[in-house]
1. Here are the criteria: (1) at pLDDT below 95; (2) surrounded by 17 or more Cβ atoms within 10 Å (Cβ to Cβ). Tell me which single one Q336 does not satisfy.
2. Kindly check whether there is at least one residue in the range 202-212 that is under 26 Å from W169 (Cα atoms), within 13 Å of the chain's Cα centre (by Cα), assigned to a loop (DSSP other than H, G, I, E, B) and among the aliphatic types (A, V, I, L, M).
3. Can you report the number of residues in the range 65-80 which are at positive phi and either open to solvent by less than 30 Å² (accessible area, probe 1.4 Å) or of a type in the set (D, E, K, R) (or both)?
4. What helices (runs of 4 or more DSSP H) lie completely within the range 218-302 and have 2 or more residues being open to solvent by less than 10 Å² (accessible area, probe 1.4 Å) and closer than 17 Å to A75 by Cβ?
5. Considering only residues that are assigned to a helix (DSSP H, G or I) and open to solvent by 80 Å² or more (accessible area, probe 1.4 Å), which ones fall in the range 13-54?
6. Being on the phi > 0 side of the Ramachandran plot, without any contact (Cβ under 8 Å) to a residue 60 or more places away in the chain and of a type outside the set (A, V, I, L, M): is that true of G292 here?
7. Just to be sure I understand the filter: pairs with C-beta atoms under 8 Å, separated by 6 or more residues or on different chains, first member in the range 99-117 and closer than 20 Å to D163 by Cα, second member among the basic types (K, R) and surrounded by fewer than 24 Cβ atoms within 10 Å (Cβ to Cβ). Which pairs pass?
8. Restricting attention to the range 145-178, which residues are within 16 Å of D92 (Cα to Cα) and out of contact with any helix residue (DSSP H, G or I) (no Cβ under 8 Å at 6 or more places or on another chain)?
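The values are calculated or read from the model by the stated rules, or taken from the named source; none is laboratory data. Treat the numbers as computed from the prediction; the structure is a model and nothing was measured. With ideal geometry, Cβ positions are generated from the backbone for all residues, glycine too; neighbour counts draw on all protein chains shown. In case anyone asks, the SASA skips ligands and DNA or RNA and just uses the protein heavy atoms, side chains included. Shrake-Rupley method; radii C 1.70, N 1.55, O 1.52, S 1.80 Å.
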Amino acid sequence: MTEYRLTPLAKSLPATVPFVGPETQERAMGRPFEARLGANENVFGPSPHAIKAMAEAGHWMYGDPESHDLRTALAAHHGTTVDHIIVGEGIDGLLGYVVRLFVGQGDAVVTSDGAYPTFNYHVAGYGGTLHKVPYREDHEDPTALFAKAGEVDAKLVYLANPDNPMGSWHRGEDIAAAMDALPAHSLLVLDEAYVETAPEGTALPLAWGDPRVIRMRTFSKAYGMAGARVGYAIAAPELITAFHKVRNHFGMNRSAQAGALAALADQAWLTEVKDRVAQARTRIAQIAQENGLLPLPSATNFVTLDCGHDGGFAKAVLDGLVARGIFVRMPFVAPQNRCIRISCGTDDDLNALAAALPDAIAAAKKG
C-alpha cells in the first residue's frame, strides 16, 4: 500500500496529543525529574487495600465487561442504582464516548477558552465545531457557557467544577441555578474530577437522574489510581444505556476494577489523603508567597500560582523549573497563562520546589 485511505476528517487532524507527558520530557533531557508536580497525580498513592487487590487480581481473565461489582458499589456509595452509572477508562475515555454519541460533523459544542484540552481533542476527532467563552475572574463562567449554547444550538456544554487548570470552583447550588438557562436540547457534561478535595457543597445538588446533565468522576485524583484509568459517569438511565452502543466492553481491565472497588471501600484512606493534600496546598502557597508569587485559592490537588506578569514570563519560570528538575505545567490561554500550576507533592517534592523556584524566577527576570 502506497497511501493509507484515511477519512478526510482524519487527514485534516494533526498527529498530536493534548499533553506532552513528563516521560517524553525526561527522554529529551536524558534524566528523570527530581519532583513530578505537573500532572495532578496523587503522589500519596492509592489505599494499601487497593494495591493488594490489584496485585491479587486474576490477570489471566478479562475484566467483567459490565463492571458489575464496581458499579454496584458506586451505586450504594452515591445512593442511586446501577442503571445510573457507567464505568470507563478514566474521564478521558468517557468524554470520548459521550462526544461520539452526540457529536457529528459540524455539530456545535461549547466550552471555556483554556479549559481541559482533552475534551476539545475528542470534539475535533469527531468533526464537531467548538465554541468558546472566556473565563471570568479565573473561574469558568456557567452563565456565559449556557448563553453561548443557546446562541449556537450546542449539543454539549463542558464545565469542570472544580476547574483545571485554575483550581477555582463554584458552589453546586449556583451551577444548579444557572442551569435554568441551559437550552432544552443541550447536555451539560460536568467534570467533577476534583470534587473529593473540594469544600462541602461543591458537588451538584440535583437528582442523579436529572436528564440535563452527565456527571464525570474518577479514581485518578483523590483515590490515587491515575495509572489504572478508572472513571465513571452518573446520568439518567436512558443516557447510560446509550454508552453500550459505542463503548469498548473490555476496556476496563480486571486489576483496575478490583483496585477501584477496594479503594472505594477504604474511605478512611481517602480522608487521610485529603488531609495530606490540604497540607501540601498550604505549603505550596507558602513557597509561592516567599518568592513573590500569588497562590490562587484551590479546591483541587494542585495550586495555581500567579507569576504577576504575562504568559511569556510564566513560561520562562516554568522552563526554569523544568531545567532544574521540577516538572510543572501552566495554563495555555491568556490571561490565565500568567500562571504556573503546581501539583501537591511530598515533603521532599516541595523541598525541591522551594530550592529551585528562586533561581527559576531570577533567570526569568533576566530574560
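1. (1)
2. Checking the range 202-212: not a single residue is under 26 Å from W169 (Cα atoms), within 13 Å of the chain's Cα centre (by Cα), assigned to a loop (DSSP other than H, G, I, E, B) and among the aliphatic types (A, V, I, L, M).
3. Residues in the range 65-80 being at positive phi and either open to solvent by less than 30 Å² (accessible area, probe 1.4 Å) or of a type in the set (D, E, K, R) (or both): 1 in total.
4. 237-243, 254-265
5. Of everything in the range 13-54, those that are assigned to a helix (DSSP H, G or I) and open to solvent by 80 Å² or more (accessible area, probe 1.4 Å) turn out to be R27, A28, H49, I51, K52.
6. It is false that G292 is on the phi > 0 side of the Ramachandran plot, without any contact (Cβ under 8 Å) to a residue 60 or more places away in the chain and of a type outside the set (A, V, I, L, M).
7. V109/K155; V110/K132; V110/K148; T111/K132; S112/K132; D113/K132
8. Hits for the range 145-178 are A160, D163, N164.
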